[in-house]
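Only the coordinates and a few stated rules stand behind these numbers; no lab work does. Treat the numbers as computed from the prediction; the structure is a model and nothing was measured. Because the Cβ atoms are built from the backbone with ideal geometry, glycine has one as well, and the counts that use them run over all protein chains shown.
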Amino acid sequence: MATNSSGKACPTSMHATSNGAWQSDNPLDFALPLFIVQTCIVLFVTRALAVPLNHLKQPRVIAEIVGGILLGPSALGRIASYKERIFPTKSFTLLETVADLGLLFFLFLVGLELDLSSLRKTGKQALSIAAAGITVPFVAGVGVSVVLHRTIAEGANFTPFLVFMGVAFSITAFPVLARILAERRLLTTDVGEIAMSAAAVNDVVAWVLLALAVALSASGKSPLIALYVLLSGIAFVIFVFIAIKPVMVWIAGQAVENEPINETYVAVTLAAVLVSGFATDAVGIHAIFGAFVFGLVIPKHGPFAAVLTEKIEDLVTILFLPLYFAVSGLKTNIGAISSGQAGGLLVLVIAVTCGGKVIGTFAAAYFNKMGWRKSITLGFLMNTKGLVELIVLNIGKDRKVLNDETFAIMVIMALFTTFITTPMVMWLYKPARNHVPYTRRTLQISPFKGSADSELRLLTCIHGTQNVRPIINLVEATRGLKRRPLHMYILHMLELSERPSSIMKVQKLRREGRPFWGNEPLSVINNIVVTFEAFGQLSKVAVRPMTTISRFDDMHEDICMSAEEKRITVIILPFYKNMNPISGLWEGHSSGLRHVTQKVLRHAPCSVGILVDRGIGMNSSSSSSVNQNVAVLFFGGSDDREALAFGYRMAEHPGVRLWVFRFLSAELPEKHAISITAPHQHLVSEQSGIDRFSLSSKRSAHVGWFEFIADNVDWAVESKLDEECLQLAKGNIEQTPNDKDSTEIIIEERTISDPLEAALAVGKMPDLSLVIVGRGRKPARLFSVLAGRQLEYPELGPIAGALTAAPFTEVRSSLLVLQQYDSMLHESHMPSKLSDMSVPKATIAPSTGASP
């Protein structure tokens, strides 16, 4: 991009490094220190802008475009001292060279994302929509270019100007569109599938048209030069697909799953990217075209493409691309649009761009009987611009096809069209969801709301392979002996990021239509799928794997909507840390997963469980003998009743012995209500009649408080419900103490003064596999002693939080924390009073301090 074709004198060159400030050298007068300062400023500005724009559901490319404009002559560049010291003209050569190098590798990644084999499978519907989405705006762009050429671009070469404007009007930013579709959960809808297919076709055609535009803009005395450039470009493409592609297929075939790739192959591939760029630049087409074509011929299946992407994506997308946007911003002077004529042309360009793309796509989609709402939504999706648009504009400016005023108008057009895409799609299109009767939102159900033998539906969320074993073992123990219907939905949670590898995951999900497991090797993926399928067949449990790809900020919506659609009874979430059994320490802290858990706890349409796996915990249960000891800590309250109901379900399994520890207060009479004094936070409207007090958390910046529902709690009713829940286990005790076939449930009552010490005493018992405890939002009265204490894990509640924070040498059992669905805190009002009536018979052990 840094050319000297205009004949202007080159600025004075800069030395690379200084001798230091102590020797009176100003670091900003030298190339490397100045480049470091420029890079840091660009990163800070773009990342700072991304924060508020992220809340507006805007892709990061918007922040990078705006940041580049702010750093240029439109804003900060008006300050003379800033322009002379931070972005002097003599530094542009190095800045543009590094930015172009980053752009070269980014276009290589774009080529890796596009799967040409999928284009051959594109249906006629998507092809017709893509054709209309290219042709109509291209023709409209040519028409507008005539107006612009007669007004503000009279000096431009007419034919290249027409082609560049047509390409700029008709292009669709495939990477940006994929992220918008994934974030709005439209990827697997018919609109999303057609948009992705049409955008992929559009992307390939746009690069062909861009190559044509560059060839036509070639300067020279002979008009045949443009033809030579075009033919050389075609010859390069043919050579790459015929001679280079077989070599890359062989290299990709040498990559073995779950083993590091020979770095010689990586070095050869990266060198080939550079050589391809050099080749197309040498024939007169921009270097990025060669890198893009080379990326197309690398096989998309297998680990090679994924490993290449992982090795270079962070450096390219985080460091180099913002520099390219800064370079574009340094060329953009919005002040050039100062006259009324320029303002009118800006409105004309935006109107024709949006109108041509939206109307062309709408007409083709409506002709294919998609309906007007889907058709117009598709039109706005295909109108997405972004980095590809800026590439076209920058090449046009470097080739002297676009002047400063035209360039500024087109940059603002690209920014506006991309900005409105997400709001318009959110307003126009919301996929219809089938609303089904949803009656069982808790394990503890009312006998008046259906049979206790009704099916149990679990939604188990998994973030990685380390969650698979504990989830399977937990569900196996929950299956029970009575073979009551159990449906298990596996939801794999994948984060959607700005990285190209994230788009490759989106593409893989769309292409294969089945769950996958992040960057895990294919052999491991197959083993996991086979494991779940075998478990479902052997245990007669209906297992259905699913995948969600979204940002951590929005992932809870996918989980809650899936629970609503599948009529889930309990959502099981993994704890956001993993225990290392060797060191006994928690590892793998993920603040994103923690925020997902916290939001699911607040918005879930059913009960929620959090599984804290300590690496030993639950083992595979056998039906031949009792080999699992499960303890339920019962302090009272709705969450504890839900925990007890889960324990009853597990006790039906012949390989599980259930211990129920019922704790009573040593200080407060059972018949007296108490007043809990603590800092109040009115988090719900006053009319709701719900107040809460909180325990502060020193480590949770976003939650900060564990919420107790303390006011307006009828303790007499709560005590009655607790006794009814326990009585179901005590019911026929006298008839079954010596029955060998009866399920083993041992109930022990303990009088305590400190609930945390009592919970830790149980947790330290040997041979416990699992401890089930309620989260305790509606606390028992003895919880009043916990007011004011700090919690390390507020999402687990005070009891489970204390057990989780205990050293591994003391508490070795896994934990399951239950929070019961509360209809008062949700839109759907679903009363829940009594436990599941179909619970196993039990024996009671006296309070002698016996342990499992």
Residues whose built amide H sits under 5 Å from the amide H of L486, excluding neighbours closer than 5 in sequence, are L456, A542
Whole-Hz couplings from phi, Karplus 6.51/-1.76/1.60, listed for region 597-608; x for Gly and Pro: 4, 4, 6, 5, 4, 7, 10, 5, x, 7, 5, 10
The long-range amide H neighbours of G776, using H built 1.01 Å from N in the peptide plane and a cut-off of under 5 Å, are D639, D640
If you plug each phi of region 45-51 into the Karplus form 6.51 cos²θ - 1.76 cosθ + 1.60 with θ = phi - 60°, what whole-Hz ³J(HN,Hα) values come out, in order, with x for Gly and Pro? 5, 5, 5, 5, 6, 5, 5
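Please sort by residue number the trypsin sites (Lys or Arg not before Pro) in region 176-217 whose DSSP state is loop and whose Cβ has at most 11 other Cβ atoms within 10 Å.
Answer by residue number: there is no such site.
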Return the distance in nm (one decimal) between the two label points of a simple spin-label model at E724 and L127, each offset 7 Å from Cα along Cα→Cβ. 6.5
Cα-based equivalent ellipsoid of region 21-428: semi-axis lengths in Å, sorted from largest, via gyration tensor: 30, 29, 23
Local charge sum around V570 (other residues, Cβ-Cβ under 11 Å, Lys/Arg +1, Asp/Glu -1)? +3
Just add up the charged neighbours of G592: K/R +1, D/E -1, any other residue whose Cβ is under 12 Å from the Cβ of G592. 0
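Sum up the charges of everything whose Cβ sits under 12 Å from the Cβ of M370, counting Lys and Arg as +1 and Asp and Glu as -1, but leave M370 out. Write down the numbers at each step before the final one.
Numbers: positive: K369, R373, K374; negative: D190, E193.
Counting the neighbours of M370, the net charge comes to +1.
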Estimated vicinal HN-Hα couplings, Hz - region 758-771 in sequence order (Karplus 6.51, -1.76, 1.60; Gly, Pro = x): 5, 5, 5, 5, 6, x, 7, 5, x, 6, 7, 8, 8, 10
Residues S24, S145, S753 arranged by fewest to most Cβ contacts within 10 Å: S24, S753, S145
Could you calculate the contour length gain from Q254 to T151, that is, 0.36 nm times the residue separation minus the distance between their Cα atoms, to one decimal place in nm? 31.3 nm
In nm, spacing of pseudo-spin labels at H603 and D553 (7 Å Cα→C-beta vector): 1.2
